[in-house]
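Colleague: Structure provided below as structure tokens; questions to follow.
The values are calculated or read from the model by the stated rules, or taken from the named source; none is laboratory data. Worth saying up front: this structure is predicted, and the values here are computed from it rather than measured. Here the Cβ positions follow ideal geometry from the backbone for every residue, glycine too, while neighbour counts run over all protein chains shown.
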Amino acid sequence: MGKSLTFSSLLFLFFFTNFFIDSATSSCPIDFSYVETFPWNTTMCREARDPNGTHCCQTLLSLIGIGLAQHLKDTSRFQLPDLASSSSCLSNFQTKLEALSIQPSLVPQCFGSATNFVANASQCAGIITIQDWNQRLNGTTQLDSSCQGDMTGLIRCGSCVDAGKQVNSQLANFDPNNTQKCFYFTVIYAAGIVNEFGPKDVRTAYCILGIPLSSSASNKSGNHLSRTTQLKLIFGLLGALVGVLLALGVIILYRRWDKKERQNDVHEEYVSSVKSSVLPNAGAKWFRVSELEQATDGFSQRNLIGQGAYGVVYKGTLSDGTLVAVKQILDLESTGDEDFCNEVEIISKIRHRNLLALRGCCVTSDNLKGKSRFLVYDFMSNGNLGDQLFICRERLTWPQRKNIILDVAKGLAYLHYGIKPAIYHRDIKPTNILLDSAMKARVADFGLAKQNSEGQSHLTTRVAGTHGYLAPEYALYGQLTEKSDVYSFGIVILEIMSGRKALDTSNSSILLITDWAWMHAKSGNVEEIFDESIREEGPKGIMERFVQVGILCAHVMVAFRPTIAEALKMLEGDIDIPRIRDRPLPLSHESFRSWRSISKER
């Protein structure tokens, strides 16, 4: 029983540590009907005997482990495919608990954000599937022999627990920073794959997952023990009871004190290291995580307004009533750490009406919520340009499109020429252009931005950006210049003017907007490029000029592209647009397929 409780405690520790770290509708792939039929002990979650919710959370986290283990058995995947399906699963799980008269608030209290259910290669030595597991452990382990069959009895269950610890030690050699996550995978694997009775078997769930059973189920399970085993268990417990009770109080008090001290030390060390990596005079306000939790209502799903490759964005209201957008960096174990410090350092030094200002940031670390980093911006009520162009029913007017293009050009011109050293954004696209209440555009998301130091090579081994917006010379050779941003800006101009996306995948072959626009312009049908909703709105000559500047900026050849300052003067009519040179080959040509493959991989 002692070993079984240890197994349960470690499982709870993992879940409780990671669930707080931390669109299209997706259904949950897990059937939680077992929640109402499985004979688990619901007493602790129904009665007010656990003021902190610790024991109830431990029970719920173990209970949801049954579904995850069954999901692993059915799909060979340790976690869920995306955030939407994970959120759907939490909602379904909550519904089943409500049917048992358990308070709905316990689910967000115990689980927090659903992001940790999502498959992530940075968790536990890169293991996502059973195939990954077998490759890491070279096939069969002691777990596969010790956790089979009936788990009734201390000896049988204890052997399984010991085998789990040994496998976890093996995994720790590959990923020493994620031992708790690896232990979770070990538990799920033992219950879902190794044991032939499956995770929904009472004996398996009680031993491996550590789920407390109802009194009737405990009695039934106890009948499987032999009379001799029962007597040994009783006398052993009586003999050890007195000593355990005397030592238990002292041990608990000491561990609580020591744990709190270590948490404080780790947190202070973590915060200090992050602040030291950012320039001391950056000027960003350092928020407390409690302020951001209060502002976003505990980072609730209803305040979730965006999700990207490295983080999620929540709408929040500060104590003074200011609306803000809070971006939480999720992928701290790959590029998230670098992008965070880079964005804080760069944005804190720039001030321009067409660049999104950084209001502040926050870092935190503890055993419950793990390491988290946040960026706080002013809230943009009209969202991003991508949604306005391709999702919103109310189409942008010609004056709005014209002003947005000019706003973006002015923001980029400031980055390239308004400060020293110059800053190259590297990820100009509609979703990184935000719109305020007056539809004024602001360039945002500087996580990939790069400063150009004097004498520094323009070649980079880390090609960053989004497929469809990357300049060819940058995608192919890592050659980064100010005209890499100009190319992306040209793509955005064409998207705004036409209402089409950068890549047209409606046909079997991919058609880039630059090829499509060039074909119409070359044949003299420039008006065909205009979005139908604005064809009768604006002066044709000015609209044609904007399209021509877009085509010129997105030219395949670097030498034929203007600088952003020249492009801005062309848009405003201050200088003439030079004759657009012929493009060497359309980017949909076979010769450029390799470039598209490289860009996708990166």
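Colleague: Step by step: first the residues of region 444-494, then only those that are buried (at least 24 other Cβ atoms within 10 Å of the Cβ) and acidic (Asp, Glu), then the one that is modelled with the lowest pLDDT. Which residue is that?
Modeller: For region 444-494, the residue satisfying everything is 445.
Colleague: Identify all residues within region 145-193 that are crowded, with 22+ Cβ neighbours inside 10 Å and not in a helix (DSSP H, G or I); write none if there are none.
Modeller: Within region 145-193, 147, 151 qualify.
Colleague: Output the number of the condition that residue 385 fails; it satisfies all remaining conditions of (1) surrounded by fewer than 22 Cβ atoms within 10 Å (Cβ to Cβ); (2) at pLDDT 90 or above.
Modeller: (1) is the only condition that residue 385 fails.
Colleague: Taking residue 198, is it in the same structural domain as residue 62 (by TED's automatic domain parsing) and at pLDDT below 85?
Modeller: When the stated conditions are applied, residue 198 does not pass them.
Colleague: Now for a different question. Mind listing just one residue for me: the one in region 35-54 that is surrounded by fewer than 16 Cβ atoms within 10 Å (Cβ to Cβ) and within 19 Å of residue 108 (Cβ to Cβ) and, of those, modelled with the highest pLDDT?
Modeller: 46
Colleague: Here are 451, 388: which of them is within 30 Å of residue 533 (Cα to Cα) and not aliphatic (A, V, I, L, M)? Can you show your working first?
Modeller: On the way: 451 fails: within 30 Å of residue 533 (Cα to Cα).
Result: 388 is the single residue among 451, 388 that is within 30 Å of residue 533 (Cα to Cα) and not aliphatic (A, V, I, L, M).
Colleague: Additional query: What pairs can you find where one residue is in region 531-555 and under 19 Å from residue 482 (Cβ atoms), the other is of a type in the set (D, E, K, R) and assigned to a helix (DSSP H, G or I), and their Cβ atoms are less than 8 Å apart, with a gap of 6+ or different chains?
Modeller: Within 8 Å, no pair qualifies.
Colleague: What number of residues within region 89-134 satisfy the criterion of being modelled with pLDDT of 85 or more, of a type outside the set (Gly, Ala, Ser) and out of contact with any Gly (no Cβ under 7 Å at 6 or more places or on another chain)?
Modeller: 18
Colleague: Let me ask something else. Go over the candidates 315, 260 one by one and state the one that is out of contact with any His (no Cβ under 9 Å at 6 or more places or on another chain), of a type in the set (D, E, K, R) and modelled with pLDDT under 90. It would help to see each step written out before you state the result.
Modeller: Details: 315 fails: modelled with pLDDT under 90.
Going through 315, 260 in turn, just one is out of contact with any His (no Cβ under 9 Å at 6 or more places or on another chain), of a type in the set (D, E, K, R) and modelled with pLDDT under 90: 260.
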